[in-house]
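For reference, the structure discussed in these notes is given below.
The values are calculated or read from the model by the stated rules, or taken from the named source; none is laboratory data. Model, not experiment: these values are computed from the prediction. So basically every Cβ, Gly included, is an ideal-geometry build from the backbone, and we count neighbours across all protein chains shown.
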């Protein structure tokens, strides 16, 4: 236990020593800077250093009252008006009670014999002394203010990231039950029809669920994994329609990229939702082209001959969520367009991707 206590106290002692050293160096720096600055007037540096030395008590009191009390009590708690009021009150009191007596009764008679002071409570003398005392507090306060501002900005950014992550997670989680509900409906229809494709559909669904539960619980996944997920979904739909629908899925990528999971599936789901009508010559075409960090996804599906023109192409939970996710993740760095061409519905997504640097 004794050795453990020694190990634990060494860093604290070391940290305390470093702080003491920094403070000592600061006051030496103040003394040297102002001693040399004022000494250049008559080149009497000894007198200048002595004057600055005897002027340290008031400066030290002001600085440490500010650092140890005023900043934690008022500034850190964002009571800025009270901080300013109490700081100036402390400056005036320190000047009158500590600095003025030292200057008037010791420094001026011994080191400034020709100095004609206007009196102890002369306003102009108090202001000059207060400005001199205040000089020592400018640098520490500037450092504290900058540090406070920087930490506030970092905290705000951290909170914004946490909020964004929570919102994205909520939107992504909404995709899972929505997608699972649709897929189970598809599987149910195959079982009802006693289709021989039901067994293959279960295997495809197993692959989809494995990706959803174990591989996609990260902010970004390899694009190849997302495309494989889409292919499994399309294959599952092909089994359901059993060659009653012409489905084409083409992909071309120049390298591996990273993409948020489940970002592309709503466009495919939407196509099957509007394109899976029971009529001859119904079709869906899905193409994904990725080149030089740019992804272009086009999903087009046939429409009924007499279908009304006011259909909502962007309906559904999945499509609504993906639009929100795109706005959060890519902001002004994406293009999403939906169009009714008269013969078909077409959705086009363009966005920039990150390369896989893992």
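Observations on the model:
- Number of residues in the stretch 99-126 that are within 25 Å of residue 26 (Cβ to Cβ) and out of contact with any helix residue (DSSP H, G or I) (no Cβ under 7 Å at 6 or more places or on another chain) equals 1.
- There is no residue in the stretch 75-98 that is closer than 28 Å to residue 39 by Cβ and out of contact with any helix residue (DSSP H, G or I) (no Cβ under 9 Å at 6 or more places or on another chain).
- Candidates in the stretch 94-126 are the residues that are surrounded by 12 or more Cβ atoms within 10 Å (Cβ to Cβ) and not in a helix (DSSP H, G or I); of these, the one that is modelled with the lowest pLDDT is 117.
- Qualifying residues in the stretch 1-12 (those that are within 38 Å of the chain's Cα centre (by Cα) and exposed (fewer than 10 other Cβ atoms within 10 Å of the Cβ)) - the one modelled with the lowest pLDDT: 7
- Consider the stretch 213-231 and keep the residues that are buried (at least 18 other Cβ atoms within 10 Å of the Cβ) and free of Cβ contacts under 8 Å to residues at least 40 places away in the same chain. The one that is farthest from residue 291 (Cα to Cα) is 229.
- Residues being at pLDDT 90 or above and surrounded by 18 or more Cβ atoms within 10 Å (Cβ to Cβ) - total across the stretch 268-298: 7
- The residues of the stretch 223-257 that are in a strand (DSSP E or B) and touching a helix residue (DSSP H, G or I) at 6+ places or on another chain (Cβ under 7 Å), listed by number, are 247, 249, 251, 253, 257.
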